[in-house]
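Working notes, structure below.
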Amino acid sequence: TFSKLPAVGGDTLVHAEGDQSGQPIKVADLSDKITRAWPQGKDKNGNVVIKKDEPNNLLIVYKFAPDQLVAPTNLQATQQGVVAYSGICQHLGCQVGDNASKPETILCPCHSGAYDPRAGCKVIGGPPPKPLPQLPIKLDGEGVTATGPLEAPYFGLTESDWKALLE
Ligand code: FES
């Protein structure tokens, strides 16, 4: 059903948890900590549907100072430091979270996979084989809208395979 389809360009990001669950995310709601989101789109009848019936559709959204974002972040797919990624670990599919002891990083609670959200969510520790895919976004007034589907950095390769290709 439509509510299981992945994010595509034009989808609005809505809060996935908390008091504002189901409400559109506003830029002012975002910070350098994880805000969980679902994509929301319109089905063929024009009904607005939150795509939350597929757990892998869960997203994480941040707002950083724009100059903190570095490669392999796709900077064309960010605006004013707002950046969005898949919220699902590339190892075995757990939900990733903030890292209380290293706040500038993401930690997966299952096997301690670690990612750097300012650097394209590249893997910085643990077993994940690949970065978290980035969701290209633009700001739409106060809201955040996807401009395409999730995209994998390094052309979908692991960082080491990608580097090997460049040698
Ligand atoms: Fe995330 Fe294993 S599922 S590290």
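The values are calculated or read from the model by the stated rules, or taken from the named source; none is laboratory data. Bear in mind the structure is a predicted one, so any value in this text is a computation, not a measurement. Backbone-built Cβ (ideal geometry, glycine too); neighbour counts: all protein chains shown.
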| field | Considering residues of region 1-46 that are within 13 Å of the chain's Cα centre (by Cα) and among the small types (Gly, Ala, Ser) only, the residue nearest to Leu135 (Cα to Cα) | value | Ala7
| said: Looking at the structure I just gave you, is Val61 crowded, with 20+ Cβ neighbours inside 10 Å and without any contact (Cβ under 8 Å) to a residue 40 or more places away in the chain? | reply: no
| Only one of these conditions is not met by Ala119: (1) within 16 Å of the ligand (Cβ to nearest atom); (2) surrounded by 15 or more Cβ atoms within 10 Å (Cβ to Cβ); (3) assigned to a loop (DSSP other than H, G, I, E, B). Which number is it? | (1)
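Condition check ((1) surrounded by fewer than 17 Cβ atoms within 10 Å (Cβ to Cβ); (2) away from the ligand (no atom under 12 Å from the Cβ); (3) more than 15 Å from Tyr62 (Cβ to Cβ)) across all residues:
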site	(1), (2), (3)
Ala84	no, yes, no
Pro103	yes, yes, no
Gly125	yes, no, yes
Pro128	no, no, yes
Gln134	no, yes, no
Leu139	yes, yes, no
Leu150	no, yes, yes
Trp162	yes, yes, yes
Leu165	yes, yes, yes
| Taking region 105-116 as the region of interest, how many residues are more than 9 Å from the ligand (Cβ to nearest atom) and in contact with a Leu (Cβ under 8 Å, 6 or more places away or on another chain)? | 2
| note | Of the residues in region 132-167, those that are closer than 16 Å to Val83 by Cβ, part of a loop (DSSP other than H, G, I, E, B) and at pLDDT below 95 number 1
| query | Quick one: in region 86-101, which of the residues that are buried (at least 17 other Cβ atoms within 10 Å of the Cβ) and farther than 21 Å from Val14 by Cα is farthest from the ligand (Cβ to nearest atom)? | reply | Asn99
